[in-house]
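Take a look at the structure below.
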Amino acid sequence: MIMLTSRAADRIRAMQKESQVEDKPLRVFVESGGCSGCQYGMSLEEAKRDDSTFESEGVKIVMDAASLAYMNGSRIDFDDGLQGKGFEIKNPNAQSTCGCGKSFN
């Protein structure tokens, strides 16, 4: 399962409203690439047949099985301060991460 902070959930709801896709869940996924071998991704799209579906802070989240295996137990925050990086993922399964915070191995 993935957990969202209230700041991340608020930002996702704002993005859904801005994009006029308030009914679409947040897809969180892992793909190859980035500085460290794997990188995180997020989009607003419908669930697929084999996805896991859950909810955090009132936001529906969908993930494929492979991405969930890499990210189970992760927490997603959103930082919009002066030095804010946007969405930040704290993944307890990552052995190392790069400085940008968007890739891991």
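The values are calculated or read from the model by the stated rules, or taken from the named source; none is laboratory data. Given the structure is predicted, the values throughout are model-derived calculations rather than measurements. Glycine also receives a Cβ, built like all others from the backbone with ideal geometry; neighbour counts cover every protein chain displayed.
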Within segment 52-67, which residues are under 17 Å from Leu4 (Cβ atoms) and free of Cβ contacts under 8 Å to residues at least 40 places away in the same chain? Ser52, Thr53, Glu55, Lys60, Val62, Ser67
One residue from Tyr40, Tyr70 being over 25 Å from Lys17 (Cβ atoms), modelled with pLDDT of 80 or more and surrounded by 13 or more Cβ atoms within 10 Å (Cβ to Cβ): Tyr70
Please count how many residues of segment 8-37 are basic (Lys, Arg) and either surrounded by 16 or more Cβ atoms within 10 Å (Cβ to Cβ) or touching a helix residue (DSSP H, G or I) at 6+ places or on another chain (Cβ under 7 Å) (or both). 3
